Each structure stands twice: as structure tokens, then as C-alpha cells.
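As C-alpha cells, the structure follows; a few thoughts come after it.
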Amino acid sequence: MFKGIYNGKQCHAGDIPAVLARAWSAGVDRIIVTGGSLEGSREALAIAETDGRLFCTVGVHPTRCKEFEESGDPEKHFKDLLSLAKEGVAKGKVVAVGECGLDYDRLHFCSSEVQKKFTGGVVHSFTGSTEDCDQLLSFEKLFIGVNGCSLKTTENLSVVKGIPIERMMIETDSPYCEIKNTHAGIHFVKSTWPSKKKEKYDPDSTVKGRNEPCFVRQVLEVVAGCKGMTNMDQLSKTVYHNTCRIFFPQDLDTVADALLQSGGEVLKAEKAGKTGSSLFFRHSTNEDEDEDENENDRQRPAELGIPTATSCAFFKQTKGK
């Protein structure tokens, strides 16, 4: 969609620069462009290299795990991913391995058998029950990612209310998972942007029905609302700290901790008005998505010095949507 293509039809020119400009103006500090395939990861790295505030991941989304077998040489495909990840780490741009994991909601894209063969674990866009949440939180270093899909029903809001903010990240998963007027959390939303239909595209307006990174502020507002928090500034600083803890650990003793300890005064001039959230900008080349191995030959993500993807906020660049 960020290339102006909707269901295979070119509706307007690509507008990534305008989308990013709105994100920066809305106070988004950094964006993580997530790779959903080998080719998508290459493109994600290329995008990340265009701006110092852009970073990326390298991985294969579970619904596209068939690309390993379709490549004709699954082992070489993995090594190509590993090589790309190393390249990105050396450039200071790759901050996580992802997307990866298991997606049993869309098995028509890729069977569970193939997914289990080629992927590990991941969590984001959480829509589970309180019991599901408790199970995830039992893993000490696992965070829960919340976006518009996490805020649809009163039951969703009840679950989100119980997630400790120290274990939460907020995300968009754009261009999908926006907060809609039918969502239970809509009455907490305060921030809005002018929008127009894609057929009447205006670079100074958002596109109706297309989520954007700047809308992460709305997620923050709904989370604060359902938790009954009046100090949204502290909430934003905490989720920002969580993000840095996983994806930008080099900043823990500078940006994030300074924000938490000083109430924002240290960096007030630099960061005034910022929502305190990083985003994933998911780069996908899959037009249809809404969304025996030799261990000795494999280098695990931890050996690369980068974490496996957990969750933060996803801004997904797709073709043909």
C-alpha cells in the first residue's frame, strides 16, 4: 500500500516519504522496518539505509516459510538470510531477527508442518485471553505487543488493562490493524489526522482505511484510557524504555534511562512532544497477505548479537495491497 498499490491496482504514487514525514511530526522517534521474506528483508535494509532513524529486521514470516523449499536449496536460503543479517548488523541497521514464528491463523498460506520445520517463536499483535497473556508473561524476557487489533472488544481492553506496562510495547502493524470506529477503545482516541480516500489521494492527508506509524499515538491513548492512566507521558517513556531494552540496548544508559529518571527534562528540548515509541515498518512482497537441519552449520541469532523479534510496532510495506 505504501507504494500506492491496492489489490494489484496502482491507485496513487508511492508515498513513503510523506508517510515518514507524518510519523516524525507525530513524535515517532525511530522506525523498525521488518522483513517478511528474504527479498523483503533486502528491501527493508535498503529502506533503513535511507535515514538515520530507520532500522530493520531480517527474517521470514511464518506464512511465507514455503520460500525455503521453493528456493530449491533451503540451507542456502537460510545462509543468505544469515549473510544479510550480518551485513545489516555491520551497518548498524539490523536490530532483530524477524519476522519469524508460527502463524496458525492463516494456514492457507503455509501449512503448520512447514512452519514448524523452518521457524521459531515470536509474539506481536496480541489478541489472546488473560490466560494466554499470563503464559507469555511467564517468560521473563518476553514482551506483549499491542495494536488496534488488540483493542477491538471490551474483553480485549480488559486483557490489555492487566498487562504490566513494564512488559508492554505498542505497535501499529500498518497498513493494517488500525483502530476503527467500531472498536471498543475508540472513545479513548484523541489524536486524529485529515484523511481522504485513495481515489482522491492527497500527500498532505492520510489514506482512509490505511494505518500509518503516526497512529501509534492512538494506540498509546487507548492503552492509557483502558488502564485509567492520566500520566500518558510516563506510559510513553516506559514503553520506549522497553523498546530500547530489546532493540536498542546501547541507549539504555542514555536516552531511555534519562527519560525515565528525569521525567524527560534532560532531553526535553530534543524530544518535546514525542510519543516515546519505536515502530516496526513491515516490508512484505506477498500480495495475498493481510499477513532435518544441521545445527552445526547454523549460527543462532544470539551469536549475531541481536535479539529475536518480540514485538513493538509494525509498519508493513506490502506490494499488491
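Here are some notes:
- Just one of the listed residues (209, 228) is among the small types (Gly, Ala, Ser), within 21 Å of the chain's Cα centre (by Cα) and surrounded by fewer than 18 Cβ atoms within 10 Å (Cβ to Cβ), and it is 209.
- Look at the range 69-93: where a residue is farther than 12 Å from residue 45 by Cβ and a partner is among the hydroxyl-bearing types (Ser, Thr, Tyr), sitting 6+ places away or on another chain with Cβ atoms under 6 Å, you get 77/71.
- Residue match in the range 73-80 (condition: more than 21 Å from the chain's Cα centre (by Cα) and part of a loop (DSSP other than H, G, I, E, B)): yes
- Within the range 146-167, the set of residues being surrounded by fewer than 22 Cβ atoms within 10 Å (Cβ to Cβ) and within 17 Å of the chain's Cα centre (by Cα) comprises 149, 167.
- So residue 57, is it of a type outside the set (A, V, I, L, M), assigned to a strand (DSSP E or B), in contact with a helix residue (DSSP H, G or I) (Cβ under 8 Å, 6 or more places away or on another chain) and closer than 26 Å to residue 191 by Cα: no
Let's see how each residue does on (1) surrounded by 15 or more Cβ atoms within 10 Å (Cβ to Cβ); (2) in a loop (DSSP other than H, G, I, E, B); (3) at pLDDT below 95:
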| position | (1), (2), (3) |
| --- | --- |
| 14 | no, yes, yes |
| 32 | yes, no, yes |
| 41 | yes, no, no |
| 45 | yes, no, no |
| 68 | yes, no, yes |
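- Residue check for residue 27: in contact with a helix residue (DSSP H, G or I) (Cβ under 6 Å, 6 or more places away or on another chain) and surrounded by 14 or more Cβ atoms within 10 Å (Cβ to Cβ): no
- Single residue of the range 164-197 satisfying the filter (touching a helix residue (DSSP H, G or I) at 6+ places or on another chain (Cβ under 6 Å) and in a loop (DSSP other than H, G, I, E, B)) that is farthest from residue 241 (Cα to Cα): 183
Conditions (1) farther than 24 Å from residue 45 by Cβ; (2) out of contact with any Ser or Thr (no Cβ under 8 Å at 6 or more places or on another chain); (3) part of a helix (DSSP H, G or I); (4) of a type in the set (Val, Ile, Thr), marked per residue:
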position: 102; (1), (2), (3), (4): yes, no, no, no
position: 106; (1), (2), (3), (4): yes, no, no, no
position: 134; (1), (2), (3), (4): yes, yes, yes, no
position: 158; (1), (2), (3), (4): yes, no, yes, no
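- Looking across the range 103-135 at every residue that is closer than 25 Å to residue 180 by Cβ, modelled with pLDDT of 80 or more and touching a Gly at 6+ places or on another chain (Cβ under 9 Å), the one that is surrounded by the fewest Cβ atoms within 10 Å (Cβ to Cβ) is identified as 130.
- Selection count, the range 85-102, where residues are surrounded by 19 or more Cβ atoms within 10 Å (Cβ to Cβ) and out of contact with any His (no Cβ under 9 Å at 6 or more places or on another chain): 7
The values are calculated or read from the model by the stated rules, or taken from the named source; none is laboratory data. Bear in mind that the values here come from a model prediction, so they are computed numbers and not experimental data. No Cβ is skipped: glycine too gets one built from the backbone with ideal geometry, and neighbour counts run over all protein chains shown.
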